[in-house]
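The values are calculated or read from the model by the stated rules, or taken from the named source; none is laboratory data. For clarity, every value in this text was computed on a predicted model and none was experimentally measured. Here Cβ is always computed from backbone atoms with ideal geometry, including for glycine, and neighbour counts include all displayed protein chains. Surface areas here come from the heavy atoms of the whole protein model, side chains and all, with no ligands, DNA or RNA. Shrake-Rupley method; radii C 1.70, N 1.55, O 1.52, S 1.80 Å.
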Amino acid sequence: MTAYAIILAAGQGTRMKSKLYKVLHQVCGKSMVEHVLSQVKELEPDQIVTIVGHGSEKVKETLAGQTEFALQKEQLGTGHAVLQAEKILGQKQGLTIVVCGDTPLFKAATFKQLMAYHQKKRAVATILTAAAPDPTGYGRIIRDQTGDVAKIVEQKDATTQEAAVHEINTGVYCFDNRALFQALHQITNQNAQHEYYLTDVIEIFNRSKQTVAAYKMADFNESMGVNDRVALAQATALMRQRINRRLMENGVTLIDPQTTYIDADVQVGADTVIEPGVVLRGQTVIGRDCLIGAHSQISDSLLADHVTVTASYLEKAQMDYGSDIGPYSHLRPQAKIGPAVHIGNFVEVKKAQIGKGTKVGHLTYVGDATLGQHINVGCGCVFVNYDGVGKHHTNVGDYSFIGSASNMIAPLEIADHAYVAAGSTVTDDVAAHDMAIARGRQVNKKGYYDRYPVAQAAKKAAESEKSKK
């Protein structure tokens, strides 16, 4: 079967009240038009043409390499928009599906059912319809005695009997390609909006006694179009339910799906448990048997099996098998956490690699560093990577010990089995089996404390309490 697809994405979307092109507003981590395109691509059409409007360079940038483009310079209606694809598709034989770029909930399976029904009916056009609980504002599908489409009636033109019909036009169509473009040249803009409507081709086909069919889809919610922020929120909620349900059906435990926010492209392995308030974004991949604790946020990160994340934030980071982090820690881009590594509370890791079995317990910053295996990093350590002009790197060898409250001033090499004493500020390299002590010698000055006002006040308070007794 030779098939083509046209995606309508030229509308500015004034009701969104946004500088962002309407179809680029996101639903669960992907723009609406990307959702549509991903489902259309599953049909494996011979060509896909996306109709874009003037100033829509960002739409082209978003979809680059996945579709051809045709420009609708003026917004003159849906029929005029489809006609812009004529130079690419006009003379080709086959069927063409037309979809709107602001309908992110459609599934490829529904498109396939529409196309199969179109072929079965040998129709010149087939309209995808749905039963709307409240059809107000939608074009009504009026069928003839054979069950085919006699006409589409808009709300303002409907009689009382027609207005009572609940079967509505979803705005998705399947056409004989050549017949579509021939009919588009016959439509006019003699209407209140002075626009060329795609629905007018249905009347043209009916006048020529060609079959216009209608395929009623099962789920009305799938057809939701987004024209404002309220509808965007509704579509996002429906998509989130779909994503969460799919994950649960594949063996993932969501403690509270209503408060779990997972983007469309996120992958999660079986027997992983996700607690309430978790946000998983972008291209995140999480392995099997993991625990993602409440209120964690993970973006574009890769987590192996048996990883535990407790109330922490990860972005463009990696965690290997059996590692854990948190609570309240942060993996920034290019953080690579090795197997069985422990990252404790209030730790920040940026552009650093941490080897197997190493422990970074708490209140520490590791930036621009490579830490080997089985190192212990004490509380309150800072890998000082920035000198005010450039970033510098620190290397720490296997089985080393970094004492609490130490500062490693990069660039720095600390060899295997080295020891940094607590409270040190290390500026020179440390050789294997050496201990670095870089701190001032302690001096105790007898009676010095008594000179401070706080000490004098405490002494008076003690004498006062003694006199009361």
(message) Every residue in the stretch 244-269 that is out of contact with any helix residue (DSSP H, G or I) (no Cβ under 8 Å at 6 or more places or on another chain) and outside any helix (DSSP H, G or I), please.
(response) Asn250, Gly251, Val252, Thr253, Ile255, Asp256, Asp265, Gln267, Gly269
(request) Only residues in the stretch 414-425 that are of a type in the set (S, T, N, Q) count as the first member; pair them with residues that are open to solvent by 10 Å² or more (accessible area, probe 1.4 Å), Cβ under 7 angstrom, at least 6 apart or cross-chain, and list the lot. (result) Ser424/Ala436; Ser424/Ile437; Ser424/Ala438; Ser424/Arg439; Thr425/Asn407; Thr425/Ile409; Thr425/Ala438
(request) Say whether the condition of being more than 28 Å from Met16 (Cβ to Cβ) and either open to solvent by 10 Å² or more (accessible area, probe 1.4 Å) or touching a Pro at 6+ places or on another chain (Cβ under 8 Å) (or both) is met by at least one residue in the stretch 219-233. (result) no
(request) Among the residues of the stretch 396-432, write down those that are within 20 Å of Thr370 (Cβ to Cβ), open to solvent by 40 Å² or more (accessible area, probe 1.4 Å) and not in a strand (DSSP E or B). (result) Asp398, Tyr399, Pro411, Asp416, His417, Thr427, Asp428, Asp429, Ala431, Ala432
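Considering only the stretch 180-199, state which residues are in a helix (DSSP H, G or I) and under 39 Å from the mean Cα position of the chain (by Cα).
First, pick out the residues of the stretch 180-199 that are in a helix (DSSP H, G or I): 180-184.
Within the stretch 180-199, Leu180, Phe181, Leu184 meet the criteria.
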(message) For Val252, only one of the following conditions fails: (1) under 30 Å from Lys17 (Cα atoms); (2) modelled with pLDDT of 95 or more. What is its number?
(response) (1)
(request) Please specify each residue of the stretch 61-90 satisfying the condition of being over 20 Å from Val36 (Cβ atoms) and either modelled with pLDDT under 95 or assigned to a loop (DSSP other than H, G, I, E, B) (or both). (result) Lys73, Glu74, Leu76, Gly90
(message) Suppose we filter Ala130, Ala108 for residues that are touching a residue at least 60 places away in the same chain (Cβ under 8 Å) and either among the aromatic types (Phe, Trp, Tyr) or crowded, with 23+ Cβ neighbours inside 10 Å (or both); which single one remains?
(response) Ala130
(message) I'm told Gln39 meets every condition in (1) touching a helix residue (DSSP H, G or I) at 6+ places or on another chain (Cβ under 7 Å); (2) open to solvent by less than 30 Å² (accessible area, probe 1.4 Å); (3) of a type outside the set (Ser, Thr, Tyr); (4) not in a loop (DSSP other than H, G, I, E, B) except one. Can you identify the failing condition by its number?
(response) (2)
(request) Working only within the stretch 215-243, note down all residues that are within 19 Å of the chain's Cα centre (by Cα) and part of a loop (DSSP other than H, G, I, E, B). (result) Val226
(request) Name every residue in the stretch 91-142 that is part of a loop (DSSP other than H, G, I, E, B), of a type outside the set (Val, Ile, Thr) and closer than 24 Å to Phe181 by Cβ, in order of residue number. (result) Gln91, Lys92, Gln93, Gly94, Gly101, Asp102, Phe106, Arg122, Ala123, Gly139
(request) Quick one: Arg281 ticks every box in (1) free of Cβ contacts under 8 Å to residues at least 40 places away in the same chain; (2) touching a Gly at 6+ places or on another chain (Cβ under 7 Å); (3) surrounded by 19 or more Cβ atoms within 10 Å (Cβ to Cβ) except a single one, so which number is it? (result) (1)
(request) Being out of contact with any helix residue (DSSP H, G or I) (no Cβ under 6 Å at 6 or more places or on another chain) and open to solvent by less than 10 Å² (accessible area, probe 1.4 Å) narrows it down to one of Leu302, Leu331, Leu291, Leu363, so name that one. (result) Leu331
(message) Suppose we filter the stretch 305-328 for residues that are assigned to a loop (DSSP other than H, G, I, E, B), open to solvent by less than 10 Å² (accessible area, probe 1.4 Å), farther than 11 Å from Ile286 by Cβ and hydrophobic (A, V, I, L, M, F, W, C); how many remain?
(response) 1
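Determine, yes or no, whether His194 is out of contact with any strand residue (DSSP E or B) (no Cβ under 9 Å at 6 or more places or on another chain), open to solvent by 50 Å² or more (accessible area, probe 1.4 Å) and at positive phi. Lay out the reasoning, then the answer.
Working: out of contact with any strand residue (DSSP E or B) (no Cβ under 9 Å at 6 or more places or on another chain): yes; open to solvent by 50 Å² or more (accessible area, probe 1.4 Å): yes; at positive phi: yes.
Against the criterion (out of contact with any strand residue (DSSP E or B) (no Cβ under 9 Å at 6 or more places or on another chain), open to solvent by 50 Å² or more (accessible area, probe 1.4 Å) and at positive phi), His194 qualifies.
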